[in-house]
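*Asks:* Supplied in C-alpha cells, the structure appears directly below.
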Amino acid sequence: MSYNNILSDYQNGITTITINRPKKLNALNKDTIQELHDAFDKANNDSDTKVIIITGSGEKAFVAGADISEFADFNVEEGGKLAAQGQTLLFDFVENLSTPVIAAVNGFALGGGLELAMACHFRIASTNARMGLPETSLGVIPGYGGTQRLPQLVGKGRAMEMIMTAGMVDANQALSYGLVNHVVEQEGLLEFCKSIASKIMRNSSVAISEAIKAVNANYKDGINGFEVEIRAFGDCFGTEDFTEGTTAFLEKRKADFPGK
Ligand code: COA
C-alpha cells in the first residue's frame, strides 16, 4: 500500500510513523485511519521493528482531531459506524499491538488526536503540546475511546472536567495528570523518544509483548488480569528469550535476545 497521508520510516529497530497532513493539522480522515492501520500492522509484523513511534508532521500539531469536514452531515447510523470502524481499525488495534508504541505528542492533540495518543502504550509531549477532548463543543462526545481511556489515565473527575469543559491542558498539566510521562523541548522530542526506545530494545521483545497483554487485560471487561498475568508469566518460561535472559544473568554477560 502506498501512502498519501502518512510517512513510515524504519531505522535501528524503530519504525517512526508520521501523520503528514500539516495543512489540516494532521486531522484524521478515513484514508489516514486506513493508512495508519496498514502501517501499524506492517511495523508490528516486522521482526526488525522493536518499537513504534507515532508523531505528527509540522511544528503545530500531533493531530487536531477527527476530520470534522468528513462527518458534519452524518446521521445516527453513520455516526455509530464511524466510531465503531475507527475503534476497530486504529484505536483498539494500536492499544493491543504486541510491539510497544510511543506517542510523540508534538503539538495539539485534540479529540481523535488525544484518543490516538491515549491508545498508544505511553506518551511523551513537547513543551508546546496542548491536549483536550473538545467534542462536546461540537455537539458530540468522544467516539474513539476517549470516554474510557481518559478516566483510566487521569482519573474520573479530571476526565469529566476535561470532557465537559471541552478545554485543553498544556504539557505540564498533562504531566501532572499522568497523561504524559515526560515533557521535552520540541527540537529534542523524537531523540528523547528514541532514547527511551533504546532502553526498551535492550529487553526481551517477547516478554514485553506478554507484559503489554497482561497490563491491557486489567482494562478489559470480563477478563481477570491476574489470570492473564499468570498464563503469560508461565508462557515466558517456554521462550528462547527466557533461556537467554536467565543464562546471560548467571554467566554475568549481557543478554542477546533472539526476540520476536
Ligand atoms: N478537522 C478538519 N479540519 C481541521 C481540523 C479538524 N479536526 N482541525 C484543524 N483543521 C483544519 C482547519 O479547518 C484549517 O483548514 P483550512 O486552512 O483549510 O481552513 C487548518 O486545519 C488549520 O486550522 P486552523 O483552525 O486555521 O488553525 P488555528 O491555529 O487557528 O487553530 C485549533 C488550531 C487546533 C485550535 C483549531 O484548528 C481547532 O479547534 N481544530 C478542531 C479541534 C477539534 O474540535 N477536534 C475534535 C474533532 S472531533
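*Asks:* Under the condition of being within 12 Å of the ligand (Cβ to nearest atom) and of a type outside the set (A, V, I, L, M, F, W, C), which residue from the range 54-70 is surrounded by the fewest Cβ atoms within 10 Å (Cβ to Cβ)?
*Replies:* Checking each candidate, the answer is SER69.
*Asks:* On to the next question. I need the full set of residues from the range 82-102 which are more than 15 Å from GLY112 (Cα to Cα) and not polar (S, T, N, Q), in order please.
*Replies:* If the condition is that a residue be more than 15 Å from GLY112 (Cα to Cα) and not polar (S, T, N, Q), then LEU97, PRO100, VAL101, ILE102 are the ones that fit.
*Asks:* Where residues in the range 203-214 are touching a Gly at 6+ places or on another chain (Cβ under 7 Å) and part of a helix (DSSP H, G or I), which of them is nearest to the ligand (Cβ to nearest atom)?
*Replies:* Applying the filter and picking the extreme gives ALA214.
*Asks:* Filter the range 1-43 for residues that are closer than 19 Å to ALA129 by Cα, within 16 Å of the ligand (Cβ to nearest atom) and touching a helix residue (DSSP H, G or I) at 6+ places or on another chain (Cβ under 8 Å) and give the result.
*Replies:* ILE19, ARG21, ASN26, ALA27, LEU28
*Asks:* Still on this structure, I have one more. Report, by residue number, each residue of the range 193-206 that is surrounded by 18 or more Cβ atoms within 10 Å (Cβ to Cβ) and within 15 Å of THR239 (Cβ to Cβ).
*Replies:* Across the range 193-206, the qualifying residues are SER204, SER205, VAL206.
*Asks:* If you scan the range 157-186, which residues turn out to be part of a loop (DSSP other than H, G, I, E, B) and surrounded by 15 or more Cβ atoms within 10 Å (Cβ to Cβ)?
*Replies:* Of everything in the range 157-186, those that are part of a loop (DSSP other than H, G, I, E, B) and surrounded by 15 or more Cβ atoms within 10 Å (Cβ to Cβ) turn out to be ALA166, LEU179, VAL180.
*Asks:* Let me ask something additional. If LEU190 satisfies all but one of (1) surrounded by fewer than 23 Cβ atoms within 10 Å (Cβ to Cβ); (2) within 20 Å of ILE19 (Cα to Cα); (3) within 16 Å of the ligand (Cβ to nearest atom); (4) aliphatic (A, V, I, L, M), what's the number of the condition it fails?
*Replies:* (3)
*Asks:* If you take the residues of the range 44-53 that are in a loop (DSSP other than H, G, I, E, B) and surrounded by fewer than 23 Cβ atoms within 10 Å (Cβ to Cβ), which of them is farthest from the ligand (Cβ to nearest atom)?
*Replies:* Step by step, filter the range 44-53, then rank; the result is SER47.
*Asks:* Do we find a residue being at pLDDT 95 or above, part of a loop (DSSP other than H, G, I, E, B) and of a type in the set (D, E, K, R) anywhere in the range 193-202?
*Replies:* yes
*Asks:* Filter the range 86-130 for residues that are within 14 Å of ASN26 (Cβ to Cβ) and either at pLDDT below 95 or of a type in the set (A, V, I, L, M) (or both) and give the result.
*Replies:* Residues satisfying the conditions are LEU90, ALA103, ALA104, VAL105, ALA109, LEU110, LEU114, LEU116, ALA117, ALA129.
*Asks:* While we're here: Here is a check on your reading of the model: is LEU153 modelled with pLDDT of 95 or more, within 14 Å of the ligand (Cβ to nearest atom) and under 20 Å from PHE91 (Cβ atoms)?
*Replies:* no
*Asks:* If you don't mind, another one. If we only count helices (runs of 4 or more DSSP H) wholly inside the range 90-156, which ones have 3 or more residues that are surrounded by fewer than 18 Cβ atoms within 10 Å (Cβ to Cβ)?
*Replies:* Passing ranges, in order: 146-154.
*Asks:* Determine which member of the set LYS199, LYS220 is basic (Lys, Arg), out of contact with any His (no Cβ under 6 Å at 6 or more places or on another chain) and closer than 23 Å to ILE124 by Cα.
*Replies:* LYS199
*Asks:* Select from the range 123-150 the residues that are within 25 Å of GLU185 (Cα to Cα) and away from the ligand (no atom under 14 Å from the Cβ) and list them in ascending order.
*Replies:* ARG123, ILE124, ALA125, SER126, THR127, listed by residue number.
*Asks:* Let me ask you something else. If you take the residues of the range 26-42 that are part of a loop (DSSP other than H, G, I, E, B) and touching a Gly at 6+ places or on another chain (Cβ under 8 Å), which of them is surrounded by the most Cβ atoms within 10 Å (Cβ to Cβ)?
*Replies:* ASN26
The values are calculated or read from the model by the stated rules, or taken from the named source; none is laboratory data. In this text the structure is predicted, and so the values were computed from the model without any measurement. Heads up, the Cβs are rebuilt from the backbone with ideal geometry, glycines too, and the neighbour counts pull from every protein chain shown.
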